[in-house]
1. From (1) part of a helix (DSSP H, G or I); (2) open to solvent by 10 Å² or more (accessible area, probe 1.4 Å); (3) of a type outside the set (Ser, Thr, Tyr), pick out the condition that doesn't hold for Lys145.
2. Conditions: (1) modelled with pLDDT of 90 or more; (2) closer than 27 Å to Val288 by Cβ. Tyr334 meets all but one. Number of the miss?
3. For Ser468, indicate whether it is at pLDDT below 85, open to solvent by 10 Å² or more (accessible area, probe 1.4 Å), within 18 Å of Ile137 (Cα to Cα) and not assigned by the TED database to the domain that holds Ser272.
4. Which condition from (1) touching a Ser or Thr at 6+ places or on another chain (Cβ under 9 Å); (2) touching a residue at least 60 places away in the same chain (Cβ under 8 Å) is the one that Phe365 breaks?
5. Step by step: first the residues of the stretch 293-311, then only those that are of a type in the set (Gly, Ala, Ser) and modelled with pLDDT of 80 or more, then the one that is farthest from Gly35 (Cα to Cα). Which residue is that?
6. So which pairs qualify, if the first residue must be in the stretch 264-278 and within 12 Å of Cys447 (Cα to Cα), the second must be at pLDDT 90 or above, the Cβ gap must be under 6 Å, and the two must be at least 6 apart or on different chains?
7. Here are Ala71, Ala107, Ala155: which of them is out of contact with any strand residue (DSSP E or B) (no Cβ under 7 Å at 6 or more places or on another chain), within 28 Å of Trp22 (Cβ to Cβ) and not hydroxyl-bearing (Ser, Thr, Tyr)?
8. What tally of residues in the stretch 110-128 results from selecting those that are β-branched (Val, Ile, Thr), within 26 Å of the chain's Cα centre (by Cα) and closer than 18 Å to Gly58 by Cβ?
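The values are calculated or read from the model by the stated rules, or taken from the named source; none is laboratory data. On a predicted model such as this, the values are computed, not experimentally measured, just so you know. Positions of Cβ are generated from backbone atoms using ideal geometry, with glycine treated the same way; all protein chains shown enter the neighbour counts. Please note that ligands, DNA and RNA were not included when accessible areas were found on the heavy atoms of the full protein model with its side chains. Shrake-Rupley method; radii C 1.70, N 1.55, O 1.52, S 1.80 Å.
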Amino acid sequence: MGRNDPEEGRLPAPVKPPDGGWGWIVLLGCFVITGFSYAFPKAVSVYFKELMKDFHVGYSDTAWISSIMLAMLYGTGPVCSIMVNQFGCRPVMLIGGLLASSGMILASFTTNIIELYLTAGVLTGLGMALNFQPSLIMLGTYFDKRRPLANGLAAAGSPVFLSSLSPLGQVLLEKFGWRGGFLIMGGLLLNCCTCGAVMRPLDMGMKRKMEKAQDKYEAKEMLPIGGKSEEGISSADGTKKAKKAKKKPKKGKKLLDFSIFSNRGFIIYTISKFILVLGLFVPPILLVNYAKDTGVPDTEAAFLLSIIGFIDIFARPACGMVAGLKWVRPHVAYLFSFSMLFNGLTDVCSARASNYTGLVIFCVFFGISYGMVGALQFEVLMAIVGSQKFSSAIGLVLLIEAFAVLIGPPSAGRLVDALKNYEVIFYLAGSEVVLSALFLAMATYCCLNRGKKKEPPPEKNPSAGGGSDTEEAESDVQEAEEHSSDNHQPVHSTDNAVVVASEEANHVAEEQSGEGEGCPEGDGEVLARDGCNADQMVERDRF
């Protein structure tokens with residue numbers, strides 16, 4: 001009854017983000033999901049030495065485990081977008097938690113590296129993908145003004161879990177072996193199901209409020225106000241419904257919106273992220289093995305990842321707070337470019353670190369820059385496309401990044417096997433990250449900012465993205481009111497019964513507004529701000 005039901009094939013109206021309330025619980029769930037999704041592929045590298053001994057494989061073979069996990073996390077983005085648009089975030093996340101857990105449990109019983117690829121790589125990676133993307137979508141739904149801070153806090157889950165999962169993996173490896181460690185890790189991944197259970201859709205609470213208001217409205221309508229007046233109201237409502245049905249045809253919901261490729265900002269962001277991912281994940285994946293080869297004990301080598309995670313914990317929320325400032329948020333793309341440049345220069349300057357002290361210094365600066373990149377990457381994407389198209393945009397971006405993930409770490413592992421030198425790997429990875437930063441900054445300045453100066457300011461369009469959710473909702477309301485005023489035409493009639501019906505209907509409307517109930521939404525019609533029946537007011541004045 002005019003509540004944009006999915007069964008009628010209409011898109012749901014945008015709901016204003018609460019920027020708090022249950023959103024903090026959603027933020028906590030997103031914190032845990034982000035921690036598992038990003039930290040788990042790196043924490044698994046603790047087991048690589050034992051896997052190389054048991055399966056008689058090299059660095060590049062074991063590096064494929066983390067690469068396949070990340071490739072599934074990114075490559076299944078469009079599939080996740082379609083599933084979320086079709087079934088919602090909560091069911092998809094529950095299924096993903098079960099898949100992630102079962103993948104690690106099955107991996108503990110594998111007998112060769114190929115089986116490990118299929119279980120720990122494909123199955124666990126798919127499960128984490130089905131959790132990661134919906135959690136970001138829900139976070140963007142619940143936050144608008146505080147969205148940079150929320151993204152920074154949620155992104156802090158990655159370093160928190162990295163600093164804890166890496167030492168935990170080392171302890172499990174020493175006490176239970178890699179098989180026992182994989183089995184226990186699989187049990188920990190069941191917490192993803194708990195996080196999925198708290199992802200309550202935002203429109204559920206709004207629907208309940210609207211249903212209560214509709215029930216009160218219908219109960220008052222049942223009061224006897226005269227047969228003629230009821231006939232007048234029903235005839236007027238029927239006329240408006242017929243006009244609205246002609247003006248607004250039903251729209252089907254898109255499972256994947258490819259129109260975002262017409263956004264130049266989205267194209268620039270996608271190319272920059274592809275270059276970035278080629279080198280971003282290489283240093284942390286190979287860091288533990290590099291430290292062990294230089295003579296660092298296993299426990300201290302695993303502690304290097306904890307240092308990165310500890311610094312990252314504070315870097316991400318701090319960067320999110322900075323990005324949320326009024327004078328910084330319009331230029332968040334340049335802040336993101338600076339963070340990538342910082343990360344790339346850290347890799348290049350630390351390429352010759354050959355002792356534990358040098359590696360610790362590298363981890364400190366890498367943790368700061370890596371945290372900045374992690375806090376800003378999805379905030380920039382939300383700012384470019386808007387929350388309404390974010391579910392499709394993130395799926396397509398992750399798909400494109402999946403190819404870079406499959407190229408980066410395995411290629412670095414092969415270079416290590418061939419050259420036996422990690423210095424070249426750090427130079428190569430750092431140069432790729434620096435290139436992505438320069439491309440993003442220059443393309444944003446030349447293609448976007450100059451274009452805005454030359455072109456006249458366009459009219460606000462909520463579907464174009466780039467604005468806040470509040471602005472989109474307000475523009476939708478304005479369009480609805482304009483459309484309603486176009487449809488409302490005065491009815492010329494001299495029938496006294498219709499006039500009496502109009503006066504009685506206005507009397508009922510005034511009583512309802514006096515009681516504080518407001519003007520609830522009717523069956524698909526948009527009500528005027530000054531009263532519940534603008535047509536009848538015009539008719540009475542004309543008479």
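1. For Lys145, the failing item is (1).
2. Just one mismatch for Tyr334, condition (2).
3. On the way: at pLDDT below 85: yes; open to solvent by 10 Å² or more (accessible area, probe 1.4 Å): yes; within 18 Å of Ile137 (Cα to Cα): yes; not assigned by the TED database to the domain that holds Ser272: yes.
Yes.
4. (2)
5. Kept after step one, since they are of a type in the set (Gly, Ala, Ser), are these residues of the stretch 293-311: 295, 301-302, 306, 309.
The next check asks that each one be modelled with pLDDT of 80 or more; those that pass are 295, 301.
Numbers: Gly295: 30, Ala301: 21 Å.
Among them, the one singled out is Gly295.
6. Ile268/Ala443
7. Working: Ala71 fails: within 28 Å of Trp22 (Cβ to Cβ); Ala107 fails: within 28 Å of Trp22 (Cβ to Cβ).
Just a single option satisfies the conditions, and that option is Ala155.
8. Matching residues across the stretch 110-128 total 0.
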